[in-house]
Amino acid sequence: MSGQAAGGGTLRFRAHADAIMEQAAREYRELLREIAASFEPFPEYPGSFFSYGIEVEPPPGGQGEDAPGCVVLGEDGGLYELRIGFEADQLDTDDPATTRSELRVPLEELSPAEYVAYASRAAEAALALLEQGAAGGGS
């Protein structure tokens, strides 16, 4: 009987934990929008030709087979996977910008827990850049 009661309690606890994580994800979305808006100008992604973004280190365990590749914080505060490649039909040119493909794909499929893990790292990375700018006399 006590095992059955404990099982019913775990559903309630799980629902509560899920609600907390969803609230944290909502708050991080708002925070990341505010942080991103405070950059003037928003930083270019290092080594890119066309993309702006702040690199987000993967959270522990965030490098599995289904994990996104290069995650960046965009100027709108969104999290994106930055995909960099080459256009095969443009490889015969001397201009590297015409052969390069840079695509930012919104990370819309993350669970609230996954989003919070990436968002907390995005906030830390962005705040570190802002602090460097403030220390260097910038924004």
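The values are calculated or read from the model by the stated rules, or taken from the named source; none is laboratory data. Because the structure is a prediction, the values reported are computed rather than measured. Here Cβ is always computed from backbone atoms with ideal geometry, including for glycine, and neighbour counts include all displayed protein chains.
Scanning segment 50-67 for residues that are surrounded by 14 or more Cβ atoms within 10 Å (Cβ to Cβ) and under 17 Å from S101 (Cβ atoms), which turns out modelled with the lowest pLDDT?
The residue in question is S51.
So A128 ticks every box in (1) modelled with pLDDT of 95 or more; (2) farther than 30 Å from A15 by Cα; (3) surrounded by 13 or more Cβ atoms within 10 Å (Cβ to Cβ) but one. Which box is left unticked?
Failing condition for A128: (3).
Considering (1) at pLDDT 95 or above; (2) under 14 Å from the mean Cα position of the chain (by Cα), say which one S38 fails and leave the rest.
Going through (1) at pLDDT 95 or above; (2) under 14 Å from the mean Cα position of the chain (by Cα) one by one, S38 breaks only (2).
Could you count how many residues in segment 108-136 are touching a Phe, Trp or Tyr at 6+ places or on another chain (Cβ under 6 Å) and either more than 15 Å from L31 (Cβ to Cβ) or aromatic (F, W, Y) (or both)?
The total comes to 0.
For segment 26-66, give me each residue that is of a type in the set (F, W, Y) and in contact with a Pro (Cβ under 8 Å, 6 or more places away or on another chain).
Correct list: F49, Y52.
Just name the residue that is nearest to L82 (Cα to Cα) out of those in segment 23-61 that are among the charged types (D, E, K, R) and touching an Asp or Glu at 6+ places or on another chain (Cβ under 9 Å).
The qualifying residue nearest to L82 (Cα to Cα) is E57.
Can you name every residue in segment 40-49 that is touching a Ser or Thr at 6+ places or on another chain (Cβ under 8 Å) and either surrounded by 13 or more Cβ atoms within 10 Å (Cβ to Cβ) or under 13 Å from R104 (Cβ atoms) (or both)?
Across segment 40-49, the qualifying residues are E44, Y45.
Taking segment 33-59 as the region of interest, how many residues are touching a helix residue (DSSP H, G or I) at 6+ places or on another chain (Cβ under 8 Å) and either among the polar types (S, T, N, Q) or without any contact (Cβ under 8 Å) to a residue 12 or more places away in the chain (or both)?
1
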